Amino acid sequence: MAQALGEDLVQPPELQDDSSSLGSDSELSGPGPYRQADRYGFIGGSSAEPGPGHPPADLIRQREMKWVEMTLHWEKTMSRRYKKVKMQCRKGIPSALRARCWPLLCGAHVCQKNSPGTYQELAEAPGDPQWMETIGRDLHRQFPLHEMFVSPQGHGQQGLLQVLKAYTLYRPEQGYCQAQGPVAAVLLMHLPPEEAFWCLVQICEVYLPGYYGPHMEAVRLDAEVFMALLRRLLPHVHKHLQQVGVGPLLYLPEWFLCLFARSLPFPTVLRVWDAFLSEGAKVLFRVGLTLVRLALGTAEQRGACPGLLETLGALRAIPPAQLQEEAFMSQVHNVVLSERDLQREIKAQLAQLPDSAPGPPPQVRLAGAQAIFEAQQLAGARRGAKPEVPRIVVQPPEEPRPPRRKPQTRGKTFHGLLTRARGPPIEGPPRPQRGSTSFLDTRF
C-alpha cells in the first residue's frame, strides 16, 4: 500500500515539467489530484469547504446585497452610515465583493481616478536594476502553493513583479521592502494589477507610513507601543517575556509588516484585512495581543517556555483550531483597546524616543476608512474650489450734502408751540371731577 501511495505521489514522466511551465493556467485547469485547489486558490489546501462557524449561504447572500447597496452610494454611506460599514467589515466582506470593497475602503479608487495613466507609465518604464534583482529573487517565495504564483512565467508572478517595480519608481526614496511582497500578492489575488498598486500605495503611505522605508522607524515605535500595551493588558505575559529576553522586534515585524499574511490561516487573514482597512492600525495591535494571549496566556503555557527559543516557538505554533476565523475575530474585537488609547500610548512613546534615533520621526497615520474618506473629501473640495482673485473697486466720490439744520427747540414746550400756532386758548366751563359715574354718563 505504501508503495502504491508513493507511486501516486510521483508524477508520470510526461507530466514532469521544468519550472518555466509548472503551474501554468492550462495545467492548473486540467485533471489530477495534485492540481486541485481550495476555494482560495491554494493547491492542496484544506479550505475547500467552509470551516466551522462559517455563515450559511442565505446569510452570505443577504450580506452581499447590503454591500452592493452601500457601494452603489458610497459617499452617502461613508458620510452618514459609517458605523454600519464598520460592523459589516467586522462580520467579514463576502469573497465575491472584496475586489469592489477594498479599493473603496482604503481610498485607492480616488487615487486611481486622480492619477489616470500613472500606473501604465510606471509599468512600462524600466526599473532600477538594483531593486529589480532583489524583487526577482523574492517572487517565488510569495505563496508558492497558490495557483497564481506557482509559475515564474504565469500572470501572478509577472503581475507581482510589475506592481512592486511600479512602487519603487513611484517612491524611489523608499525603494523596495521584502515585506511588501506578500502584501502585494494578497492584493493581486483579488484585484487587477493597477488597483492592487494603488491599494499598496495607500497601505504603505496612509495606513502604515514609515513601515517600509529604509529606516523602518514606525516599526520600532509600534514595537515599544505594543510592549506598553502588554504591560497594561497582560502584565503576567509581559513579565515572562522580559524574563526570557524576548523583545517585540523578534516577532512583531513579521506580524505587522506582512499584515499577518504569513502567520494566520488564509481565511482569518482575509478577515483581519477587512477590519484593518476599515479601522486602521488599531486592528493589528488587537490581533497581536490576541495571539500573545493565546500562546502565553496561562501559567501552564508560560511554564512550558522557560527560555527564549521555547517562547518564540510558542508564539509561532499556536494550534490552528484556535485561529479559526469566526472564533478568533470575535476575540480580536473584544480586546479593550480604543483608538484614543492607542494614540495616547503612541504620544507617550514618542516623548521617550532618543534624539539620536535613526531616521525621521514617524509620520501621522490616518485611523481607518472614515479618516481617509474625510481627508480625500477635503482635498477634493480644495482642488475644486477656484482661488479668489482680489479685486480693487474704486468708488466715485459722493457730492457733499448740506448739513441738516436741527430745529431750535431749546426752552420751548410742545404746549407753547401749539399756542403760538393756534392763537390763545379757548376758555370754557371747568371740567367736572370724575366720580363713580359710568363712562357713558361722563360729560366732556
Against the condition touching a residue at least 24 places away in the same chain (Cβ under 8 Å), touching a helix residue (DSSP H, G or I) at 6+ places or on another chain (Cβ under 7 Å) and buried (at least 21 other Cβ atoms within 10 Å of the Cβ), how does Ala218 come out, does it pass? no
Could you grab the pairs with beta carbons closer than 7 Å, sequence gap of 6+ or different chains, first residue in segment 97-111 and small (Gly, Ala, Ser), second one outside any helix (DSSP H, G or I)? Ala99/His190; Ala99/Leu191
State whether the residues of segment 228-245 include one that is part of a helix (DSSP H, G or I) and small (Gly, Ala, Ser). yes
Condition check for Ala185: open to solvent by less than 10 Å² (accessible area, probe 1.4 Å) and either farther than 25 Å from Leu277 by Cα or in contact with a strand residue (DSSP E or B) (Cβ under 9 Å, 6 or more places away or on another chain) (or both): yes
Determine whether Ser278 is modelled with pLDDT of 90 or more, open to solvent by 30 Å² or more (accessible area, probe 1.4 Å) and in a helix (DSSP H, G or I). no
Under 8 Å between Cβ atoms, at least 6 apart or on separate chains: pull out the pairs that start in segment 331-344 with a residue that is under 17 Å from Val272 (Cα atoms) and end on any residue that is surrounded by 14 or more Cβ atoms within 10 Å (Cβ to Cβ) and among the hydroxyl-bearing types (Ser, Thr, Tyr). Gln331/Thr290; Val332/Thr290; Val335/Thr290
Take the residues of segment 313-343 that are out of contact with any helix residue (DSSP H, G or I) (no Cβ under 6 Å at 6 or more places or on another chain) and within 18 Å of His238 (Cβ to Cβ): which is least open to solvent (accessible area, probe 1.4 Å)? Asp341
Given the residues Phe256, Phe260, which is the only one that is part of a helix (DSSP H, G or I), buried (at least 21 other Cβ atoms within 10 Å of the Cβ) and not polar (S, T, N, Q)? Phe256
For Leu350, work out the one condition from (1) more than 24 Å from Thr71 (Cα to Cα); (2) modelled with pLDDT of 90 or more; (3) under 23 Å from the mean Cα position of the chain (by Cα) it doesn't fulfil. (2)
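Here is a yes/no grid of residues against (1) modelled with pLDDT of 85 or more; (2) within 28 Å of Pro192 (Cβ to Cβ); (3) of a type in the set (Lys, Arg):
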position: Ser20; (1), (2), (3): no, yes, no
position: Gly32; (1), (2), (3): no, no, no
position: Glu49; (1), (2), (3): no, no, no
position: Glu64; (1), (2), (3): yes, yes, no
position: Val68; (1), (2), (3): yes, yes, no
position: Leu72; (1), (2), (3): yes, yes, no
position: Thr77; (1), (2), (3): yes, yes, no
position: Pro94; (1), (2), (3): yes, yes, no
Just checking, does segment 284-293 include any residue being closer than 26 Å to Cys177 by Cβ and among the small types (Gly, Ala, Ser)? yes
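The values are calculated or read from the model by the stated rules, or taken from the named source; none is laboratory data. Remember, predicted model here, so these are calculated numbers, not experimental data. Positions of Cβ are generated from backbone atoms using ideal geometry, with glycine treated the same way; all protein chains shown enter the neighbour counts. All accessible areas refer to the heavy atoms of the entire protein, side chains included, with ligands and DNA or RNA removed. Shrake-Rupley method; radii C 1.70, N 1.55, O 1.52, S 1.80 Å.
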